[in-house]
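Notes to accompany the following structure.
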Amino acid sequence: MPVQFATTTTGGGALNGGGGIESSAHLAQLLLWLDAHAQQQPGHYVDVTRFVEEHELTEDASVLALQLEQRGLADLERTFGSGAPHVHLTDEGRVAVHTLKNLQKDRAARLRHTMDAFLRWLYDAAGDQSPTDPGLFLATPGALFAGTEIPQTDLQQALVHLAENDLIEPIGADPVTVAITTQGVSCALSGGSVQDHTNQQGPGTTYNNFLPNAQGVIIGEQQNVTQNNTAGIDPSAFVQLAGYVGQISNTLGMPETDRVELERVAQELHDEATSPSPEPGRMRQFATQVKDMLVGAGATAAAQVGIQMAEQALGTLV
């Protein structure tokens, strides 16, 4: 006769260390997998070994099952003489599945996770600050949020935020590589989130900094980017775009004259966006020019991120 182990609830699915179940790639996937089986065979216990085999994981199926049980998300059942762990979702587990499906639609939560997971991965993969292809992150467990894969567009946006806050820096364009900075190492070692780290930099500060172009021009740190102006415009997206272009202009492989022109327009955009009364028409003009020149620069990841940022900035004027 099957022996059923008692369920112990420890905080509604919270992971050890304070993280949510959504940040644990394999546990979140397992919950969704069990839910799919429950839809087909309600009330049946399912062998977790099948999940491990189907996903070609190196995880111990018994450990995964025990982790769900300890969080009160599944009942664990074993038969004497069999080491295969069979589980069945509890009511708490079904609620957790519902929460995961809602979180999959929460882009802000997904972006926060992507920044945190990518920085930890980069530190582990290249803590010596050697250049690394950021696309390799997408093949790791950290590139899963709430049991689903993180889209490349979210990774690109995360890279922009990390670069703006001097946690990573772009190194090469072909292939695209990034390196963790000294601040990035400090953030990773602190054990906190990227958001915690950037908040400690001080309110009203946006680091579009450290953007030297070939002429040595630096678009510096901006205080209180969101300005009070009669048009009610928030120019921060345009300041961030100008700063990003300053970071990547010399990695795009553009002809010298084109690169100089791109940097000139980015500087014009920066000056307009940080003026006391930024003019929407001029910001639109400069941002459109920047976008067109990035399109002409080719299909590098750095250029594509800039194009996306330009489109987002222009969208704030609609």
Row for the stretch 104-198, column shape: gyration tensor on C-alpha, a ≥ b ≥ c, rounded if a/c < 1.5 i.e. under 1.5, prolate if a/b over b/c, else oblate; value oblate
If you count only protein heavy atoms and use a 1.4 Å probe, how large is the accessible surface of Arg264, to the nearest 10 Å²?
110
With every protein chain left in place, what is the accessible area of Val95 in Å² (1.4 Å probe, nearest 10)?
90
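The values are calculated or read from the model by the stated rules, or taken from the named source; none is laboratory data. Predicted model, so just to flag it, every value in this text is computed and none were measured. These area figures cover heavy atoms from the full protein model, side chains too; ligands, DNA and RNA do not enter into them. Shrake-Rupley method; radii C 1.70, N 1.55, O 1.52, S 1.80 Å.
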